[in-house]
Ligand SMILES: Cc1ncc(COP(=O)(O)O)c(C=O)c1O
């Protein structure tokens, strides 16, 4: 079949881009054609330092050869096999190795293709777990304001970001905890804020409001990520854990951003010392190279399903591409890279220098708050009067023009560099942001 392309054809017209103001983007497209280590190459040949690890996912840096080679070899050997009543050895090997890395007894892995699917899977498992135990009246979820859990129907329902939900309702029955953060007490705190464990007590109040015997699970990001990088206050997650336990409600950690070394440990559960009943991950699982997500279940949850007759499908759920061979090959190679290049320990080792340089930006114009944990950080800017988001966007553009890719959401700058960054990279990122802040009005 031939297609005719008009001489004045707009090559950007057909792609309806996700989470993008399409018309503004297409007026001045930002296109990347290559990537290696800490840097992207743009279509016009510029090197740009990637201060956001692609989209919080390229934890080991771009173009890792072992991952590239593993994907190539797998594509040659076995392009596809379903995991519905068949599978392939790498799927079991990857599950086994992942289970050995997870906190506590999160030993059972359900594969999907994205963080959104991992979240929807977790929510479905939570409801079906209660059904399996004869408590099918537990159908509600509690999540948290500013939480981001992807864009599936479950994830949209538990989202704490209004713009992501309000055009798409009605959603599942969900109530939201407050963001456990109070700038008056905690602005410019380093790592987990000292104040705010008491925000968890609101969960008891919500349970009383809804009747805890109608609640299936509480889902929170271990560290609020896309909503603005808010580390949990010291003691907060521990208290959520205790309140859930007291009422037979499952606790789900969404570790799509915090998984795979971002906090210097394999998962936030280990870095923060709290183990959930279910955990989601994606992104860093394959270093961003092939789409993949996973939902981990602890023994208590898994065992409830295994009480069903052996001939029965215990969980009628799954995706054509669950445990896709290319994703499993990428996942195994990614775990090798993390181990062989000591990536998580490198992240832990440089986190202090990162924190110091990020907090030094407090002296720059417009900065009203800075938060950080591990190799994550957010810098809040005062909005331009009457023009919310304009200053953040201008700062993002200035940094990009100067060779550093940062992420802005409204007037908040968010940073999540590859975990391989050096002191020189930190200096370039923070120096570029400081210059951008000096330059923007
Ligand atoms: C915490 C969290 N959960 C879920 C998702 C959704 O992941 P995906 O975009 O792979 O569907 C994201 C994406 O950024 C995320 O940060």
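Evaluate the following for residue 364: is it more than 30 Å from residue 113 (Cβ to Cβ) and modelled with pLDDT of 95 or more?
Considered against the rule, which asks whether it is more than 30 Å from residue 113 (Cβ to Cβ) and modelled with pLDDT of 95 or more, residue 364 comes out as yes.
Mind checking which helices (runs of 4 or more DSSP H) fall wholly inside segment 22-119 and carry at least 1 residues that are in the same structural domain as residue 159 (by TED's automatic domain parsing), without any contact (Cβ under 8 Å) to a residue 60 or more places away in the chain and within 24 Å of residue 328 (Cβ to Cβ)?
Because the criterion is at least 1 residues that are in the same structural domain as residue 159 (by TED's automatic domain parsing), without any contact (Cβ under 8 Å) to a residue 60 or more places away in the chain and within 24 Å of residue 328 (Cβ to Cβ), the helices (runs of 4 or more DSSP H) in segment 22-119 that meet it are 65-77, 89-101.
Looking only at segment 42-64, which residues are over 14 Å from residue 405 (Cα atoms) and more than 24 Å from the chain's Cα centre (by Cα)?
43, 44, 45, listed by residue number.
Output the residues belonging to segment 125-169 that are assigned to a helix (DSSP H, G or I), within 16 Å of the ligand (Cβ to nearest atom) and closer than 18 Å to residue 20 by Cα.
Within segment 125-169, 156, 163, 164, 165 qualify.
Counting only residues that are outside any loop (DSSP other than H, G, I, E, B) and in contact with a strand residue (DSSP E or B) (Cβ under 9 Å, 6 or more places away or on another chain), which one in segment 301-323 is surrounded by the most Cβ atoms within 10 Å (Cβ to Cβ)?
Per the criteria, the residue is 301.
Taking residue 187, is it more than 14 Å from the ligand (Cβ to nearest atom), loosely packed, with under 14 Cβ neighbours inside 10 Å and either in contact (Cβ under 8 Å) with a residue 40 or more places away in the chain or under 21 Å from residue 207 (Cα atoms) (or both)?
No, not satisfied.
Do we find a residue being more than 30 Å from residue 120 (Cβ to Cβ) and touching a residue at least 60 places away in the same chain (Cβ under 8 Å) anywhere in segment 316-328?
No, every residue in segment 316-328 fails to be more than 30 Å from residue 120 (Cβ to Cβ) and touching a residue at least 60 places away in the same chain (Cβ under 8 Å).
What are the residues in segment 407-422 that are farther than 19 Å from residue 36 by Cβ and touching a helix residue (DSSP H, G or I) at 6+ places or on another chain (Cβ under 6 Å), if any?
408, 410, 411 - these are the residues of segment 407-422 that are farther than 19 Å from residue 36 by Cβ and touching a helix residue (DSSP H, G or I) at 6+ places or on another chain (Cβ under 6 Å).
From the list 267, 296, exactly one residue is surrounded by 24 or more Cβ atoms within 10 Å (Cβ to Cβ) and either at pLDDT below 95 or more than 18 Å from residue 417 (Cα to Cα) (or both). Which is it?
296
Could you say whether any residue in segment 277-284 is within 16 Å of the ligand (Cβ to nearest atom) and free of Cβ contacts under 8 Å to residues at least 60 places away in the same chain?
There is no residue in segment 277-284 that is within 16 Å of the ligand (Cβ to nearest atom) and free of Cβ contacts under 8 Å to residues at least 60 places away in the same chain.
Starting from segment 202-227, take each residue that is over 19 Å from residue 130 (Cβ atoms) and away from the ligand (no atom under 16 Å from the Cβ) and list its partners that are assigned to a strand (DSSP E or B) and at pLDDT 95 or above, counting only C-beta distances under 7 angstrom and pairs at least six apart or across chains.
Between residues of segment 202-227 that are over 19 Å from residue 130 (Cβ atoms) and away from the ligand (no atom under 16 Å from the Cβ) and residues that are assigned to a strand (DSSP E or B) and at pLDDT 95 or above, the close pairs are 202/177.
Show me the strands (runs of 3 or more DSSP E) found entirely inside segment 357-441 where at least 3 residues are in contact with a strand residue (DSSP E or B) (Cβ under 6 Å, 6 or more places away or on another chain) and in contact (Cβ under 8 Å) with a residue 24 or more places away in the chain.
Those strands (runs of 3 or more DSSP E) span 367-373, 376-381, 412-415.
Can you list the helices (runs of 4 or more DSSP H) found entirely within segment 185-293 that contain at least 1 residues being under 12 Å from the mean Cα position of the chain (by Cα)?
Output list reads 268-272.
The values are calculated or read from the model by the stated rules, or taken from the named source; none is laboratory data. The shown structure was predicted, so the numbers you read here are calculated from the model rather than taken from an experiment. FYI the Cβ positions are ideal-geometry reconstructions off the backbone, even for glycines, and counts take in every protein chain you see.
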